[in-house]
Amino acid sequence: MIELSSFFSKESIVANSGFNRWRVPPASVAIHLCIGSVYAWSIFNPALIRVQGVVASAGEDWTLSQVVWVFTVAIVFLGLSAAFAGKWLERVGPRTVGIVSGLSWGSGLLLGAFGIWMHQLWLLYVGYGVLGGIGLGLGYVSPVSTLIRWFPDRRGMAAGLAIMGFGGGAMVGAPIQEWLMKKNYVAPQYLGKADSVELSTEQGKRWARVGDQTREVVVVGEKEIASLSLSVVPGVYVVGTGSCGVGETFFILGIAHMIVILGAAMLYRIPPKDWKPAGWDSQQAAASSRLIRQGESIDPDQAIRTPQFYLLWIMLCFNVTAGIGVLGVAKTMLTEIFGSALPTIVTGSFAATFVLMTSTFNMVGRFFWATISDKIGRKNTYALFFSVGCILYCLIPWIAWQVNAVPSVIWLVAFYVVTMLIFTMYGGGFATIPAYLADLFGTQYVGAIHGRLLTAWSVAGVIGPWAITALRENASRGAINDLAKKVSSTEFEKAFGAPLIELPSLIEKKTVTIPRLLEIAPGGTADPSTNLYNTTMFLMAALLLIAFFANACVRPVRDRGER
């Protein structure tokens, strides 16, 4: 028992003299690559909303807003656990925190897999959301203060290294997740083309005779097939047969991530007390920037009583809100804006690549902007994030309007460039904030202060996905109602087996969707999916404008009695 407690103690991982500090970053990046796969959540969305229908959403399948909230819960518990773990980290050291992170994150994925197999949404929330989110928070804070202490001469770069892997998690995770889901995909039972199967509609659901039973079915048309990266033919499929492969993917990832994180946590080392890199002058470094603290470090309890802490909290919260809502539905958003306008280009695999690229630029932005902040200062760096970001978010609705008016590849390229720039600054905001904290409050307690600041991430994790899904849901319902008015009642009843008056229940059971309505709409009817996200983008731009003024108000932290 004594040996075990000694193994987990902070003192057991103090580095010997001559230890090469560059041996620590690989362990940090490995852990963050695993937990950063949360950023590839949008890869799971299309499969999770058709767990039972497999090729299309069945009546009892989860909605997009329900599954996006799983991601939201994970981010909320990331921030809450980080707030707790920051102070705990200072006491027990990064190895213990990293080990608990691996166990929590891996177990959360495993429990989530069982929730998918049993089609129990609450298990997915508890597993991936709560337990997995705790693992995310613990894994997130464990390397940050460690690397800042190893690299006091390059705080921005150190924070960028620590957090870079988190942004790149989807870059590694997205293709692996796509591949695993395809490997574990099982096609549902096919009954034939819609006109060859006798269908009925009851309580918004479609039904057909299968043998001596009446079974729920889904009807898939050409427009829906275009958005699937599966070999599917139009027609009628039996609900509850086949598999999207998403549950199996969760199970495999849970085991793999647990092994990698536990192994990486064993490699953590911390510098001896008062250690400094050779040739580095801390006083000279402090004098080079008026924001860099020159006195003793401020402890977490004092830090949260300063206005600077809350200004940075607002900055982080609104920057994350703007980016995280888009990240949570990245694949769905790209498909809805460009899927009908450029169907031969924006396929399921193209959308998956888009998610991969968001992760790539998120990761690159973390290291690039954090390193740049060492040169131009943290305050100037955030001023760029918020001013340029505000303009970029306003450009997305403009691009969507152009696509609707004149479909062209040039608008897809413009959308790609704009969103990738957004994600570099989104990632850069995360990576630069620990160095900003170290500048203002000193390096000694930066892990604990950073953990408390990450509660802003929890709040943003609720606001961002809620805003983008709620506003999209309202826009989608409005678009369906408008489209339904353009369709003849005869064509509607023929297509859906129910009169137009039953539209609300048909929408609720996913029987009527925008793609299915467009198939029977008059020729030349514009696809309203292009503009589903416009209101959300303007809201995000407004939040960044508020964050810009919060950053402008940041001043050096003074000691008591100092003017």
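The values are calculated or read from the model by the stated rules, or taken from the named source; none is laboratory data. Nothing here was measured: the structure is a model prediction, and the numbers come from that model. All Cβ positions, even for glycine, are placed from backbone atoms using ideal geometry, and neighbour counts span all protein chains on display.
So, G447, is that one closer than 22 Å to F166 by Cα and either part of a loop (DSSP other than H, G, I, E, B) or touching a Pro at 6+ places or on another chain (Cβ under 9 Å) (or both) or not?
Considered against the rule, which asks whether it is closer than 22 Å to F166 by Cα and either part of a loop (DSSP other than H, G, I, E, B) or touching a Pro at 6+ places or on another chain (Cβ under 9 Å) (or both), G447 comes out as yes.
Looking at the structure I just gave you, is A330 closer than 23 Å to G461 by Cβ, surrounded by 22 or more Cβ atoms within 10 Å (Cβ to Cβ), modelled with pLDDT under 85 and in contact with a Ser or Thr (Cβ under 8 Å, 6 or more places away or on another chain)? Don't jump to the end; show me each part of the working.
Working: closer than 23 Å to G461 by Cβ: yes; surrounded by 22 or more Cβ atoms within 10 Å (Cβ to Cβ): yes; modelled with pLDDT under 85: yes; in contact with a Ser or Thr (Cβ under 8 Å, 6 or more places away or on another chain): yes.
Yes.
Against the condition crowded, with 21+ Cβ neighbours inside 10 Å, touching a residue at least 40 places away in the same chain (Cβ under 8 Å) and part of a helix (DSSP H, G or I), how does F368 come out, does it pass? Explain how you work it out, then say what you get.
Numbers: crowded, with 21+ Cβ neighbours inside 10 Å: no; touching a residue at least 40 places away in the same chain (Cβ under 8 Å): yes; part of a helix (DSSP H, G or I): yes.
For F368, the condition - crowded, with 21+ Cβ neighbours inside 10 Å, touching a residue at least 40 places away in the same chain (Cβ under 8 Å) and part of a helix (DSSP H, G or I) - is not met.
Does N404 satisfy the condition of being part of a helix (DSSP H, G or I) and in contact with an Asp or Glu (Cβ under 8 Å, 6 or more places away or on another chain)?
Details: part of a helix (DSSP H, G or I): yes; in contact with an Asp or Glu (Cβ under 8 Å, 6 or more places away or on another chain): yes.
Yes: the conditions hold for N404.
Within segment 187-209, is there a residue that is aromatic (F, W, Y), buried (at least 24 other Cβ atoms within 10 Å of the Cβ) and either in contact with a helix residue (DSSP H, G or I) (Cβ under 8 Å, 6 or more places away or on another chain) or free of Cβ contacts under 8 Å to residues at least 40 places away in the same chain (or both)? Please lay out each step first, then the result.
Of segment 187-209, the ones aromatic (F, W, Y) are 190, 207.
From the residues that got through so far, the ones that are buried (at least 24 other Cβ atoms within 10 Å of the Cβ) too are none.
Within segment 187-209, none of the residues are aromatic (F, W, Y), buried (at least 24 other Cβ atoms within 10 Å of the Cβ) and either in contact with a helix residue (DSSP H, G or I) (Cβ under 8 Å, 6 or more places away or on another chain) or free of Cβ contacts under 8 Å to residues at least 40 places away in the same chain (or both).
Can you tell me which of (1) closer than 20 Å to D527 by Cα; (2) touching a residue at least 60 places away in the same chain (Cβ under 8 Å) is the one Q402 doesn't meet?
(2)
Would a scan of segment 79-92 turn up a residue that is touching a residue at least 60 places away in the same chain (Cβ under 8 Å), under 18 Å from the mean Cα position of the chain (by Cα) and surrounded by fewer than 24 Cβ atoms within 10 Å (Cβ to Cβ)?
As a first pass, look at segment 79-92 and keep what is touching a residue at least 60 places away in the same chain (Cβ under 8 Å): 79-80, 82-87, 89-92.
Now drop any that are not under 18 Å from the mean Cα position of the chain (by Cα), which leaves 79-80, 82.
Among the residues that remain, those that are also surrounded by fewer than 24 Cβ atoms within 10 Å (Cβ to Cβ) are: 80.
Scanning segment 79-92, I find at least one residue that is touching a residue at least 60 places away in the same chain (Cβ under 8 Å), under 18 Å from the mean Cα position of the chain (by Cα) and surrounded by fewer than 24 Cβ atoms within 10 Å (Cβ to Cβ), so the answer is yes.
Checking the condition β-branched (V, I, T), crowded, with 18+ Cβ neighbours inside 10 Å, under 22 Å from N404 (Cα atoms) and touching a Leu at 6+ places or on another chain (Cβ under 7 Å), which residue from T536, T530, T525 passes?
T536
Only one of (1) under 20 Å from the mean Cα position of the chain (by Cα); (2) of a type outside the set (G, A, S); (3) crowded, with 22+ Cβ neighbours inside 10 Å; (4) under 30 Å from I225 (Cβ atoms) fails for F338. Which number is that?
Status for F338: all satisfied but (1).
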